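Here's the structure we're looking at; comments come further down.
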Amino acid sequence: MRLSEPDSARLAGTPPAPSYLTDGTTVMSWLNTRDHKRVGVMFLIAVIAAFFLGAIFALTLRMKLLQPGPFLMDALSYNRLFTLHGIVMIFLFLIPSIPSAFGNFVLPLMIGARDVAFPRINLASFYLYLAGAAIAIYGMVHGGADTGWTFYTPSSRSSSACSSSGSRPSSRA
């Protein structure tokens, strides 16, 4: 028995919703999205890029240690690069990876929500992450701290990045 077109459409059900990957494939559709899955993918790409940047810093540090003495960089540059490696790996990769990338993508799916509560604020958090990462890297490259990734007080007080006027308490009474 042959079905008519309305009967076959009724039996087929509703057409599937478009995938988050194929619903608007332009760059602007990704940058202006309010879909939590797309924001999660953008966070994942940014976090992976931060991981590779930190890995490049780590490889540069290891290359410096191949030979003793001032090979590839001096001691001050080594301390700054070590601090930059720690900042990138902790604050730009490790901390944001789970709540930002996986939390945006997986959590609404796990609780059965169709979307997050405030999708525009969710997208704004991604752009704030990018702006904060750029400001942090810019500040460190242009003479921020060179105390190592722990920022311990003894190292930071004896560092050459600190000014000589504010590094020691005055002995005057």
Efficiency of FRET between residue 117 and residue 62 - r from beta-carbon atoms, R0 35 angstrom, step 0.05: 0.20
The stretch 21-66 shape via C-alpha gyration tensor axes, a/c threshold 1.5: prolate
In nm, give the distance between the simple-model label positions of residue 52 and residue 127, each being 7 Å from the Cα along the Cα-to-Cβ direction. 2.5
Residue order, fewest to most surrounding Cβ atoms within 10 angstrom, among 87, 48, 137: 48, 137, 87
Tally Lys/Arg at +1 and Asp/Glu at -1 over every other residue whose Cβ is under 15 Å from the Cβ of residue 105; what's the total? +2
log10 I(q)/I(0), Debye, Cα-only the stretch 34-150, no solvent, q = 0.17 Å⁻¹? -0.82
Charge sum, other residues only, whose C-beta stays under 11 Å from residue 44's C-beta, Lys/Arg counted +1 and Asp/Glu -1: +2
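Values in this text are rule-based calculations from the coordinates and carry no lab data. Not measured: the values here are computed from a predicted model. Using ideal geometry, Cβ is built from the backbone for each residue, glycine included, and neighbour counts are taken over all protein chains shown.
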